[in-house]
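The values are calculated or read from the model by the stated rules, or taken from the named source; none is laboratory data. All values reported here derive from a predicted model rather than from experimental measurement. Glycine also receives a Cβ, built like all others from the backbone with ideal geometry; neighbour counts cover every protein chain displayed. Note: accessible area is taken over every heavy atom of the protein model, side chains too, but ligands, DNA and RNA are not part of it. Shrake-Rupley method; radii C 1.70, N 1.55, O 1.52, S 1.80 Å.
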Amino acid sequence: LGGYKTMDGKTVCEGVLLRTAVLTDASQEELDYLIHHHKLAAVIDLRASYELAEEPEPEITGVAQYNFRIMDEQLMANRAAGIADILSDPHADPVKRMTAILNAGVISDQMYVEFLQGETGKAGYRDFFQVLLETPKGNAVLWHCTNGKDRTGVAAMLLLGILNVNEETIMEDFMLTNLYFEEEISMMKKQLGSYIQDEGLMEDFVVVSKGVAASYMRNAIDYIKENYCSISGYVKAELGLTDADITKLQMLYTE
């Protein structure tokens, strides 16, 4: 997230705030690069327990590693229970499968708001900031979920807001996912284009795959502004951060 200008004339430090996808397939060479080039101090995995079981996190010598949950796994399990058959069927029509996921509410444009409202999400983001506060200046913190876009993207939004980065830049950073997964998203749209003409529905399908939709993050930011006035207001009211914590984060991660 480095290089972004803040509204108080500072710049987010380069190379120390790393938003990524899952590290399971990272080579030792890539992990060594993170350690030596970025001075990686901590890795925060925001995935659910079943995701961690399917793709275990690689052990990284000398780096603190954490797993903080954001999704309410029981709530997601309850919603998915009614569509278990289509989810487990490898021959199921992909359009029907994704439509079932959307109709069941497993994924919706209120998903990020639920992260911010839920006790699991609040506890996870509270722990996320605690690691950032405890990491020495100049050392990197890397956080990820599966694709590095939803749970991880909300964490980035909260952090950039605390660092006084403006809303437009926060949205631009969030939407970079669609640039980095452009090939996969383009392929999906090509496959589904003849079935789906509704632009909003196509946005939802993008989120089910590798991409992001601006409306999801817009809803989260609007929820914060309507209920807490600002991102700083939210993290103080719901995550327990103090003004001193926010000042320390700005000292650690801007220059």
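A compact table of results
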{"item": "Net charge over other residues, Cβ less than 13 angstrom from the Cβ of A41 (K, R count +1; D, E count -1)", "result": "+1"}
{"item": "For the chain, size of Cβ-based charge dipole, Lys and Arg +1, Asp and Glu -1, in debye", "result": "460"}
{"item": "Antiparallel DSSP beta bridges within the chain, as percent of all bridges there, nearest 5", "result": "20"}
{"item": "Given charges at beta-carbon only (K, R positive; D, E negative), |dipole| of the range 1-61 in Debye", "result": "520"}
{"item": "Reachable aspartates and glutamates from K10, criterion Cα separation under 13 angstrom, eight or more residues apart if same chain", "result": "E255"}
{"item": "The chain - mean residue ellipticity at 222 nm from DSSP helices (-39,500 (n - 2.57) per run, n ≥ 4, rounded to 500)", "result": "-16500 deg cm²/dmol"}
{"item": "Cut-off 11 Å between beta-carbons: net charge of the residues surrounding R218, Lys and Arg +1, Asp and Glu -1", "result": "-2"}
{"item": "In degrees, nearest ten, helix 28-37 long axis to first principal axis of the chain (Cα)", "result": "30"}
{"item": "Using a Förster distance of 22 Å, the FRET efficiency for K39-M175 (Cβ separation, nearest 0.05)", "result": "0.20"}
{"item": "Between helix 182-192 and the chain: long-axis angle, C-alpha atoms, 0 to 90°, nearest 10", "result": "20"}
{"item": "Sequence-distant residues sharing a close amide H with T11 (under 5 Å, placed H)", "result": "T6, E255"}
{"item": "Surface accessible to a 1.4 Å probe, per residue, for the residues of the range 1-145, Å²", "result": "51"}
{"item": "Table column - 3J(HN,Hα) (Hz), the range 75-92, Karplus curve with 6.51, -1.76, 1.60, x for Gly and Pro", "result": "4, 5, 5, 4, 5, 7, 4, x, 10, 4, 4, 6, 5, 8, 8, x, 9, 5"}
{"item": "Aspartates and glutamates whose Cα lies under 14 Å from that of K39, excluding same-chain neighbours fewer than 8 positions away", "result": "E14, E30"}
{"item": "Phi-based couplings in Hz for the range 144-161 (Karplus 6.51, -1.76, 1.60; Gly and Pro marked x)", "result": "8, 10, 8, 9, x, 10, 8, 4, 5, x, 5, 4, 5, 4, 4, 5, 4, x"}
{"item": "With every protein chain in place, the chain: carbon and sulfur % of accessible area (1.4 Å)", "result": "51"}
